[in-house]
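Some notes on the structure that comes next.
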Amino acid sequence: MDSAKYIGLDVHKESISIAVLNAAGKIVMECVIETNATLIVQFLRGLRGELHVTFEEGTSAAWLYDLIQPHVTEVVVCNPRQNALLLNAGNKSDRIDARKLADLLRGNQLKSVYHGEHGVRTLKELVRSYLTISKDVARVMTRVKALYRSWAIPCTGKQVYAPGHRAEWLAKIREPGVHRRAEFYYQQLDVLRSLRQQVRRELLAESQKHPKWKLLCQIPSMGPIRAAVLIGIVQTPHRFRTKRQLWAFSGFGIETHSSGDYRSVDGQLRRTNRPVSVRGLNTNHNHDLKNLFKAAAIVAAHKPGPFQEFYAALLAKGIHPEMAHLTLARKIAAITLHLWKKGARFDAQYLKPQAA
């Protein structure tokens, strides 16, 4: 008799709704417990058989995964975007959502979100800190320029942010309240820049502990910071079987749509010659990783080296610059995955059409 149990958790800040199904899909147990580590572990230890657990990716997903994983056979952290059509149909409540998650897990219909590689947890958190603070710096810089523009004061370039020119720029603001507001923005910008430099130093120090960091640094246009961010986001290259999976994760996957692919000819079904409709790049992706490869492609396209030659060859074929940048970014991503998996050093031969 199959002793497998499928457990769906609908996780919230203060409570977790739980539904347990057996292999036949019948409800074995339903309950609500407090979001507490001790109570969760006690509940799992009280169950017998092979335990398969699922819950949706969210704020507490990493903590809950680390807590549950040693006590069960399988943990699936599922993608809530993929589940939306299935979970939002009909009545909705915490109990119903837990039931549906357990049933979808039993039917192997859930799209999992990667969790693992505890050895890079510190680097991953430093990468998150660096990226978040960098975005905050960009936001404050945008606010500074927006303030000047709102008072019809032209401001282009980076001089408006320079400490040596601030008095000159502030003197252009006549309104006392607006003047004081600009001073607050400048103070906020100085603090964030200083904090970003501190995080940057710690990020580089931590990244040097990982053996693959030096390997990635030798890829043209990658550099030490991008290599560190790449390891922090991807964690391990072996989660991607092929380059196309990495392209989809990075937002470089091409989405195609087709319909009515076959028609009857002389009593036999034959595939039509209608071209497949290309709908652009996939929208469900990791935005930070896409920005990383796009930035690397832009630098590589203007820096002398094999990547610049590859980019120039694309332009010579009549490819639009934007598409050439996209092709170069996809090539950099493919080469990075290949070198990371194999532990090999970069070679310009990888830029050949059949390589990477």
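The values are calculated or read from the model by the stated rules, or taken from the named source; none is laboratory data. What you see is a predicted model, and the numbers here were worked out from it, not measured in a lab. Every residue, glycine as well, gets a Cβ built from its backbone with ideal geometry; the counts of neighbours run over all protein chains shown. With ligands, DNA and RNA removed, areas are computed over all heavy atoms of the protein, side chains included. Shrake-Rupley method; radii C 1.70, N 1.55, O 1.52, S 1.80 Å.
Based on a Kirkwood Rh over C-alpha pairs, give the Stokes-Einstein translational diffusion coefficient of segment 246-304 at 25 °C and viscosity 0.890 mPa s in µm²/s. Once the numbers are plugged in, D ends up at 171 µm²/s.
Modelled label positions at Ile319 and Gln208, each set 7 Å beyond Cα in the direction of Cβ, lie 3.7 nm from each other. Placing unit charges on the Cβ atoms only, positive for Lys and Arg and negative for Asp and Glu, gives the chain a dipole magnitude near 1260 debye about its Cα centre.
The lysines whose alpha-carbon is closer than 26 Å to the alpha-carbon of Lys317, local same-chain residues fewer than 8 away aside, are Lys243, Lys290, Lys294, Lys303, Lys331, Lys352.
The longest stretch of the chain left intact once loop-based trypsin sites (Lys or Arg not before Pro) with at most 11 other Cβ atoms within 10 Å are removed from consideration, loops following DSSP, is 242-316. Of the accessible area of segment 80-166, computed with a 1.4 Å probe over protein heavy atoms only, carbon and sulfur atoms account for 51 percent. Of Met222, Met323, the order by accessible heavy-atom surface (1.4 Å probe, DNA, RNA and ligands excluded), from most exposed downward, is Met323, Met222. Surface exposure of the chain, expressed per residue as accessible area with a 1.4 Å probe, stands at 57 Å².
The stretch between Glu30 and Ile254 holds 76.4 nm of extra length on full extension. This uses 0.36 nm per residue minus the Cα-Cα distance. Hydrodynamic analysis of segment 1-58 uses the Kirkwood radius over alpha carbon pairs. Inserted into Stokes-Einstein at 37 °C and 0.692 mPa s, it gives a translational diffusion coefficient of 278 µm²/s.
Looking at segment 119-217, which chymotrypsin sites (Phe, Trp or Tyr not before Pro) are in a loop (DSSP not H, G, I, E or B) and have at most 13 other Cβ atoms within 10 Å?
Passing sites in segment 119-217 are Trp151.
Over all distinct Cα-Cα pairs of the chain, the Kirkwood formula returns a hydrodynamic radius of 24.6 Å. Placing a pseudo-label 7 Å from each Cα along the Cα-to-Cβ vector at Trp151 and Asn282 gives an inter-label distance of 4.8 nm. Which percent, nearest 5, of DSSP beta bridges in the chain are antiparallel? Here the share of antiparallel DSSP bridges comes out near 70 percent. If R0 is taken as 25 Å, the Cβ-Cβ distance between His179 and Ala138 corresponds to a FRET efficiency of 0.60.
Placing a pseudo-label 7 Å from each Cα along the Cα-to-Cβ vector at Gln42 and Ser112 gives an inter-label distance of 3.0 nm.
What the phi angles of segment 215-230 give under the Karplus curve with 6.51, -1.76 and 1.60, with θ = phi - 60°, is a coupling list of 4, 6, 5, 7, 6, x, 6, 7, x, x, 5, 4, 5, 5, 5, 4 Hz, glycine and proline written as x.
Treating cross-link reach as a plain straight distance, find the aspartates and glutamates whose alpha-carbon is under 20 Å from the alpha-carbon of Lys172, omitting any fewer than eight places away in the same chain. Within reach: Glu183. Which of the lysines could a cross-linker span from Lys209 if the Cα-Cα distance has to be under 16 Å and same-chain partners fewer than 8 positions apart are dropped? Candidates past the 8-residue exclusion: Lys124.
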